[in-house]
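The next block holds one structure in the form of structure tokens; read it before the comments.
The values are calculated or read from the model by the stated rules, or taken from the named source; none is laboratory data. Quantities reported herein were computed from a predicted structural model and do not represent experimental measurements. Note that we place each Cβ from the backbone using ideal geometry, even for glycine, and neighbour counts take in every protein chain shown. Side chains are part of the model used for accessible areas, which takes the heavy atoms of the whole protein and leaves out ligands, DNA and RNA. Shrake-Rupley method; radii C 1.70, N 1.55, O 1.52, S 1.80 Å.
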Amino acid sequence: MKKLLLSVLSLATFAANAQTFFTNTSYRGAFAPAPTPMWTQGWAEWDPQNVNYPAPTATVTGTISANTTWAAGTTVLLQGPVYVTGNSTLNIQPGVVIRCSKAVAGSALIITKGSVINAAGTATNPIVFTSDQAVGSRAIGDWGGVMLLGNAALNFTTGVNNIEGLPVSTNSQYGGGSSPNNNDNSGTLRYVRIEYGGYVYGTNQEINGLTMGAVGRGTTIENVQVSFTNDDGFEWFGGNVNAKWLVSYRNLDDDFDTDNGYSGNVQFGLIVRDPNIADNPSVSTSEGFESDNDAGGTTATPLTSGIFSNVTMIGPYRGATTNTIAAGYRRGARLRRNTNLKIYNSILMDVNRGVHVDGALCETSAGNGAIRFKNNIIAGMATRAVEQNTTNTFATNASVTTVAWLSTNANDSIHGSMPSFSVILTTPYNYTSPDYRPGAGSIALSNSSFTDAVIAPLTSTSTVGFTQVKKEIGYVMLYPNPTNSNTDLLVNSIANTPAQVEIIDVTGKVVLTQHTNFEQGINEINLNTHNLVNGVYFVTINTSIGKETVKLIVSK
């Protein structure tokens, strides 16, 4: 069924746009305004303490060294550190619950270098890693967390390190050494929740909810929620894996922590803080973003230079700077130790201090544009919008609503207690029934931008709606997109393979299924969308060589 009807022009357009990642939004923050549903709908959980998870039906310990499947309907009891080794694959089917032992020290799941996890839940049937404790008895640090260890680039001298918290061995190594593979594939985490992790392995040696060590861009991280973890929600040590639709919910330390040369892209993230849950300030302060090039703040390459866009952070003050919060809270973002992080189109609200450009090297980078902080909102600060440690020309360390460095980069700030939370979001302070979408007249509905020289080449701008990915399968494109009655799915497959194509609505319901066979090279499938109502859908391609998902918009 290989098609030779594509013109040279369409193929050129296909290739030219194939590397885009960011979706161009008209709003700032993580969510589109109503009536578009929040992308957390159906799979995120706001009250995991009171979920009645099923009793275990299988127990897993030790090492997984052969291809293994945890089938739908299974509830796994994970006891102690479990390592997936030997280039093997762990498949976890939708709806599987992994209850992790508190009694057996250090329960965690570690995907070692070369091995793969395929944990692809759905919006209505997510995969859950959680505590084995009963309703009402779960606590942060009941177990460890999930670790992905890959072969991508890392800015340690040798390009290889051992992940913190685990015993030093080949099973805790990450990084590709002198020949890193930035296209490395550690598998898929999609529609996955990770709850009550952060077991303390040693003094200041907790692990994060999701730890990514030198994970490559061949890996898929989408729709992942980390809740009530005794350390960071998400931490990237080097690597360049991309991610979308992340939730860091009421965790202890930092939410998005980037180190050791991380250079991937992240779009659509939600951070929700609890006023009573923060780290011990004598050990670490709790930030929304914390970013270092490395622990010594050196110029080692690759530099930490990840790009984040459309993040919403609800800080601990939750509407009033007179509220009492834990002593460990500090900033919406702390950019330190020579990081070159970039943050766009995001909302950092209800925080003590907005963004901290920490140290002379970071101040220089902010001044020359190597650090980007653009088109963001900082609101509800108790102290200041921006601060620095040493003298420089771009900012002042003073309690003011805005400073030159913020305003010249198209950022907005609202100082002090929020006059009304509807100024920005609809219902952000209700834990169990939140609405994090912009309210009517919100400043989040305007002033977004993807035209900056760094993010623009990575942003889809085609008026006909090309959407592509390049991972396991190859290049994928939908045209036209948006569509009214039909769209063509074009797949440049890297191999001959049977395929199942599904269109899924935002609730996770499959509304169309087609089976076919891809040949190596360009393949074309016509998808009939005539009977679909207006809205956002996802086209999922399942093959023997991988799985890809692209967004489809139906507009009649």
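Normalising by the residue count of the chain, find the relative contact order in percent from Cα pairs under 8 Å and 6+ residues apart.
11
Add +1 for every Lys or Arg and -1 for every Asp or Glu among the other residues with Cβ under 13 Å from the Cβ of Gly176, and state the total.
Summing Lys/Arg as +1 and Asp/Glu as -1 gives +1.
Tell me, what HN-Hα J-couplings in whole Hz come from the Karplus equation 6.51 cos²θ - 1.76 cosθ + 1.60 at θ = phi - 60° for each residue of the range 482-497, using x for Gly and Pro?
Here the 3J(HN,Hα) series is x, 10, 10, 9, 8, 9, 9, 9, 10, 10, 9, 7, 8, 6, 6, 6 Hz.
Among residues other than Gly150 whose Cβ falls under 12 Å from its Cβ, what is the net charge (Lys/Arg +1, Asp/Glu -1)?
Summing Lys/Arg as +1 and Asp/Glu as -1 gives +1.
With the crude spin-label approximation of a point 7 Å out along Cα→Cβ, what separation in nm comes out for Asn50 versus Thr23?
Simple spin-label model gives 3.1 nm for this pair.
Between Glu524 and Leu458, with labels modelled 7 Å along Cα→Cβ, what's the label distance in nm to one decimal, could you check?
Computed distance between label sites Glu524 and Leu458 equals 3.3 nm.
Roughly speaking, to the nearest percent, how much of the chain's 1.4 Å accessible area is carbon and sulfur?
Details: 9830 of 19530 Å².
Looking at the chain in its full context, I get 50 percent from C and S.
Taking R0 as 35 Å, what's the FRET efficiency between Val104 and Thr157 from their Cβ-Cβ distance, rounded to 0.05?
It comes to 0.45.
Here are some values of volume of the Cα convex hull per residue in Å³: (1) 171; (2) 143; (3) 228. Which one was computed from this structure?
Here the calculated entry is (2).
Which residues among the range 500-528 fall inside the zone where the amide N is under 20 Å from a point 7 Å beyond the Cα of Ala72, along Cα→Cβ?
Output list for this probe position: 500-516.
What's the extension gain from Asn496 to Ser179 if we count 0.36 nm per residue and subtract their Cα-Cα distance?
Net length gain for the segment: 111.2 nm.
Would you mind calculating the gained length between Ser407 and Thr383 on full extension (0.36 nm times residue separation, minus the Cα-Cα distance), in nm to one decimal?
Fully extending the segment from Ser407 to Thr383 adds 6.9 nm.
Grab the other residues whose beta carbon is less than 10 angstrom from that of Ala34, score K and R as +1, D and E as -1, and report the net.
Here the count lands on 0.
Heavy-atom accessible area per residue, the range 135-286, 1.4 Å probe: how many Å²?
Working: 3850 Å² over 152 residues.
In whole numbers, the range 135-286 has 25 Å² accessible per residue.
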